[in-house]
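Only one structure is covered here, and it is reproduced in the block below.
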């Protein structure tokens, strides 16, 4: 029994926003709030959200290094899924901040680096083991070219909405004086 060959003529994954898109900011934030906001955004936009890794390294003289990798997957159709990935690397220390109402809050201060990527994952496995698989895959992609282009536009727009949301949460956009 021979092994099936992988389709080479059709990409099974298309990068729309490379994982190299980076937001790097030195800020004070509440990671619990940020965590919830990312979850709510993913849920609102119908992504199944998974935390792939979560790690904290605590330094002896105070401060910590936080590493998180999140992945959101949204089913576009039987052939395509949208994938949003967020990698956070933050060197942080806990600080107490006095709020306007006189109460104090525990926040995290430091350099926060977010790397964001967006890809379309295609189910090219449907062609595995079929006669003329390469030809069938090419023909199918030609037939659904308009749908794939629409999906690329849609995911690119969603990814940039997510990026803008992250920047807003991190106060990356400065407030203008009125």
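A few points about this structure:
- Taking the conditions (1) closer than 25 Å to residue 160 by Cβ; (2) at pLDDT below 90 in turn, residue 100 satisfies each one other than (1).
- Lone qualifier among 118, 76, 89 - being out of contact with any helix residue (DSSP H, G or I) (no Cβ under 7 Å at 6 or more places or on another chain) and modelled with pLDDT of 85 or more: 89
- Single condition residue 166 does not satisfy, out of (1) in contact with a helix residue (DSSP H, G or I) (Cβ under 7 Å, 6 or more places away or on another chain); (2) within 17 Å of residue 70 (Cα to Cα): (1)
- Check on residue 93, in contact with a strand residue (DSSP E or B) (Cβ under 6 Å, 6 or more places away or on another chain) and farther than 20 Å from residue 169 by Cα: no
- Per the conditions (1) under 18 Å from residue 171 (Cβ atoms); (2) surrounded by 12 or more Cβ atoms within 10 Å (Cβ to Cβ); (3) modelled with pLDDT of 80 or more; (4) under 22 Å from the mean Cα position of the chain (by Cα), the sole criterion not satisfied by residue 26 is (2).
- Failed item, numbered, when residue 31 is tested on (1) closer than 16 Å to residue 116 by Cα; (2) surrounded by 12 or more Cβ atoms within 10 Å (Cβ to Cβ); (3) within 17 Å of the chain's Cα centre (by Cα): (1)
- Residue in segment 110-140 that is nearest to residue 165 (Cα to Cα), counting only those that are surrounded by fewer than 17 Cβ atoms within 10 Å (Cβ to Cβ) and touching a strand residue (DSSP E or B) at 6+ places or on another chain (Cβ under 6 Å): 113
- Close contacts from segment 155-169, counting a first residue that is over 13 Å from residue 37 (Cα atoms) and a second that is modelled with pLDDT under 90 and crowded, with 19+ Cβ neighbours inside 10 Å, with Cβ to Cβ under 9 Å and a gap of 6+ residues or different chains, come to 155/16; 155/17; 156/16; 156/17; 159/16; 159/17; 160/17.
The values are calculated or read from the model by the stated rules, or taken from the named source; none is laboratory data. Everything numeric here is computed off the predicted structure, so don't read it as measured data. Reconstructed Cβ throughout: ideal geometry from the backbone, glycine too, with neighbour counts over all protein chains shown.
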